[in-house]
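Written below as C-alpha cells is the structure these notes are about.
Taken together, the values in this text are just the output of simple stated rules run on the coordinates, not laboratory data. On a predicted model such as this, the values are computed, not experimentally measured, just so you know. Cβ placement follows ideal geometry from the backbone for every residue including glycine, while neighbour counts extend to all protein chains displayed.
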Amino acid sequence: MAEKKSNILLIIKLVAVSYALTAILILLFTLIVYKTLMNDDKIVVGILVIYTLSNLIAGFIAGKVKKQKKFVWGLIAGATYFIILILLSFIVTREFIGNQSMLIPALLATVGGGMIGGMLS
C-alpha cells in the first residue's frame, strides 16, 4: 500500500514538473512567436516540441528514481500529462481538443517523450 501511494505521489510530482517546464517554455516560445511573426504550422511544431521536451525530462527523472522498468514509468508520466491536458482543454473550451488533428500528435509527443526520457535515464 505504501509503495502504491509513493508511486502515485511520484507521478503527481513528475506531471507537476512537466507542466511547470511547459509553462516556462510556452512563455519563451510566445515571445519568439511575437518577435518573428511565425506562421501557424511552425507554431504547432513548436508546441509539440515543447510537449516532447517537458515529458522527456519527466520520463528521465522517473527512470532515475524508479531504476526498473524505466520506460514504463516515463510512459505513465507522459500518459498522465496527456490525460490532464485533454481534461483541461475540455474544461476551458468545452471540447476535448479544439483542433482534432492535434490529438494524435499531442498523444505521441507526450507519451513518446516520457517513454524516451525513461529509456535514456
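For the chain, return all DSSP H helices satisfying: extent of Cα atoms along own axis at least 30 Å; mean Kyte-Doolittle hydropathy at least 0.5.
Helices meeting the criterion: 2-36, 40-66, 70-93.
Toward the positive end of the charge dipole of the stretch 2-120, about the Cα centre and with charges on Cβ (Lys, Arg +1; Asp, Glu -1), which of Tyr19, Gly78, Gly118 goes farthest?
My answer, from the dipole projection, is Gly118.
Please report, in Å, the Rg and the Dmax of the stretch 2-120, where both are computed over Cα atoms only.
Cα radius of gyration and Dmax of the stretch 2-120 are 14.7, 51 Å respectively.
Arrange the following residues from fewest to most other Cβ atoms within 10 Å of their Cβ: Met115, Met102. Show your work: numbers first, answer last.
On the way: Met115 25, Met102 15.
Ordered from fewest to most neighbouring Cβ atoms within 10 Å, Met115, Met102 come out as Met102, Met115.
Would you kindly state how much longer the chain becomes between Met102 and Leu28 on full extension, computed as 0.36 nm times their sequence separation minus their alpha carbon distance, in nm to one decimal?
24.5 nm
Under a point-charge model restricted to the Cβ atoms of Lys and Arg (+1) and Asp and Glu (-1), what is the dipole moment magnitude of the chain relative to its Cα centre, in debye to the nearest 20?
Charge dipole, the chain, about its Cα centre: 580 debye, nearest 20.
Please list, by residue number, everything in the stretch 67-86 whose backbone N is under 13 Å from a paramagnetic label point 7 Å out along Cα→Cβ of Lys13.
67
Return Ser6, Ser18 ranked ascending by Cβ neighbour count within 10 Å, so the fewest neighbours appear first.
Neighbour counts put them in this order, fewest first: Ser6, Ser18.
Within the stretch 2-120, count lysine pairs with alpha carbon atoms under 30 angstrom apart where the residues are 8 or more positions apart or belong to different chains.
Taking the stretch 2-120 as the scope, the lysine pair count is 17.
Sorting Glu3, Glu95 on the 10 Å Cβ count, fewest up front, what's the list? Spell out each step's value before the answer.
On the way: Glu3 7, Glu95 10.
Arranged by neighbour count, lowest to highest, Glu3, Glu95 become Glu3, Glu95.
Any chance you could run the full-extension gain for Ile86 through Ala2? It's 0.36 nm times the residue separation minus the Cα-Cα distance, nm to one decimal. Show your work: numbers first, answer last.
Working: separation 84, 0.36 × 84 = 30.24 nm, distance 2.92 nm.
That works out to 27.3 nm of additional length.
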